[in-house]
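Only one structure is covered here, and it is reproduced in the block below.
What follows draws every value from the coordinates through simple rules; no lab data is involved. This structure is a prediction, so every number in the text was calculated from the model and none was measured. Here the Cβ is made from the backbone with ideal geometry for all residues, glycine too, and neighbour counts use every protein chain on show.
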Amino acid sequence: MTEPITWTCTGCALLCEDIQVFIKDNRVEKVEHACLKGKARVYRCKHTAISTVDQDEVDVNTAISQAAKILEKAKNPLLYGWSNSTSEAQVAGIELAQTLGACIDSTSSFCQGITINEIMNGSVPSCTLEDVREKADVVIYWGADPMSSHPRHLSKYSYFPRGELRQRGYEEDRTAICIDITESRTAKICKGMFFSIPPGGDAEFMRALMDGLAGRVPKLSYDFDVKRILELAAVLKKAEFGVIFVGLGLVYSIKEEFDLISEFMSTLNKFSNFFLIPMAGHFNMRGFNHNLHEKTGFIHRVAFTKNGPVPGVEYSVVEQLKHGADAVMVVGSDPLASLPLSITRRLKDIPLILVDPCSNLTSRVADVTIPCGASGIEVGGTAVRLDGRKMDISPLIRGNGLSDEMVVRRIMEEVS
Ligand code: SF4
């Protein structure tokens, strides 16, 4: 057997950098240390798409030229996706949006973008996963189930490892708490510290917890033992280094009053020392937010206008797909599979370009499909981990096509 190479897994935004991969003749023979999700990414994520125009197979140059023509002709194009691309491809996409005067948005728009924005504008404190491993004594998984979504989260960083300040490990040195509507796999590990709340009950629970922290009797409109809230408040007050991992369950539940998160964090930090980390899913979702912020000062939902970049909900993928955009280029995403039909229905009425390594549901209706190498498998670069740390991504095998960055740059050459 050949010597293994050390690889950073792009199966999720945890970006585990300790994966050992054995490769022979440009084929993966064995993968060690990765979870099943990471192994599936290595073995199953391959460049399988073909170049098409109007669903007929063409060579890739013809597909790129047709994509450029569509985007050039459009008055209000939308460039969307990007969370499964390297930062280098995302930067190329932002430059293309600027060249076209287009709107650009990513999957973070209906995912963790709202949480990442709070962190990047300094409203809530955050920390690295290494800080969590070395220092955290209280971890809360709120609306998050990392045992399913980020399978090595607990073992590599947040619960099981012994850390510099947590030598006695999870048995004595860490308390794991889960607040969720369902007893998830993560909730089962938290045993007596699972707090089961009703769907949509997060904001009320958060306010009750703030009451508990302030020494008031918590009030809830749903049935819940307030003694347990007071016990939880006491645990949080005693924490030396606490971390809240925010999942989509919490984001979706309180998105209409998201300011509550910063209010809760500042209340908590009057008594304790807590940080917040968003549980981003796609491997480089956070990278898009950082890269767009660097160029424009905004993290997503941006229109490039004559007066410069402008942010706004009206430039989100949801609003643009409903009634704004007159052409769409999707990179590394499958909106037909991931967005509600009420939003994607309009895709059949406007020109749609798809750049993706794989054939998917969206490619079945796309006017132009352009295959690209799979980022993190056939294409290297950089990405941003869910806690904001920049990571190098190396390719595992040689692909035989263009990377998504190259596709975007070729389109840019044709429209410039
Ligand atoms: S936890 Fe995520 S990054 Fe780590 S090996 Fe599993 S899929 Fe890959």
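So how many Lys-Lys pairs in segment 113-278 land under 15 Å Cα to Cα, not counting same-chain pairs under 8 apart? Display every interim value, and only then the final one.
On the way: 135/156; 135/238; 219/227; 237/270; 238/270.
The number of close lysine pairs in segment 113-278 is 5.
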If you project the alpha carbons of segment 1-98 onto the principal axes, what extent comes out on each, in Å, largest first? 53, 28, 20
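Express the relative contact order of the chain as a whole percentage, based on alpha carbon pairs under 8 Å and six or more residues apart in sequence.
Numbers: 880 pairs, mean separation 108.7, N = 416.
Relative contact order, the chain: 26 percent.
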If amide H atoms are modeled at 1.01 Å from N in the peptide plane, then the residues at a separation of 5 or more from residue 175, or on another chain, having amide H under 5 Å from its own are 138, 139
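Can you give the translational diffusion coefficient of segment 104-180 in µm²/s, computed by Stokes-Einstein from the Kirkwood radius over Cα pairs at 20 °C and 1.002 mPa s?
155 µm²/s
Multiply the residue separation of residue 27 and residue 50 by 0.36 nm, subtract the distance between their alpha-carbon atoms, and state the gained length in nm to one decimal. Mind dumping the intermediate values first?
Values: separation 23, 0.36 × 23 = 8.28 nm, distance 2.10 nm.
In short, 6.2 nm is gained.
In nm, what is the difference between 0.36 nm times the number of residues separating residue 62 and residue 188 and their Cα-Cα distance?
Between residue 62 and residue 188, full extension yields 40.0 nm more.
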Can you show me the helix-derived [θ] at 222 nm for the chain, built from DSSP H runs with n ≥ 4 at -39,500 (n - 2.57) apiece and divided by the number of residues, rounded to the nearest 500. -9500 deg cm²/dmol
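Working out 0.36 nm times the residue gap between residue 270 and residue 223, then minus their Cα-Cα distance, what length gain in nm do you get to one decimal? The partial results should precede the final answer.
Values: separation 47, 0.36 × 47 = 16.92 nm, distance 2.82 nm.
Going from the current span to full extension adds 14.1 nm.
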Taking neighbour Cβ counts within 10 Å as the exposure measure, how do 10, 186, 296 sort from fewest upward? 296, 186, 10
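Of the beta bridges DSSP finds with both residues in the chain, what % are antiparallel, to the nearest 5?
Working: 23 of 59 bridges.
Percentage antiparallel, nearest 5: 40.
Work out the P(r) tail for the chain: percent of alpha carbon pairs separated by more than 28 Å, whole number.
On the way: 43454 of 86320 pairs.
Tail fraction, whole percent: 50.
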So if I place +1 on the C-beta of Lys and Arg and -1 on the C-beta of Asp and Glu, and nothing else carries charge, what would the dipole magnitude of the chain be about its Cα centre? I want it in debye, nearest 20. 600 debye
Residues of segment 286-310 with the amide nitrogen closer than 19 Å to a label point 7 Å from the Cα of residue 326, along Cα-to-Cβ, please. 303-307
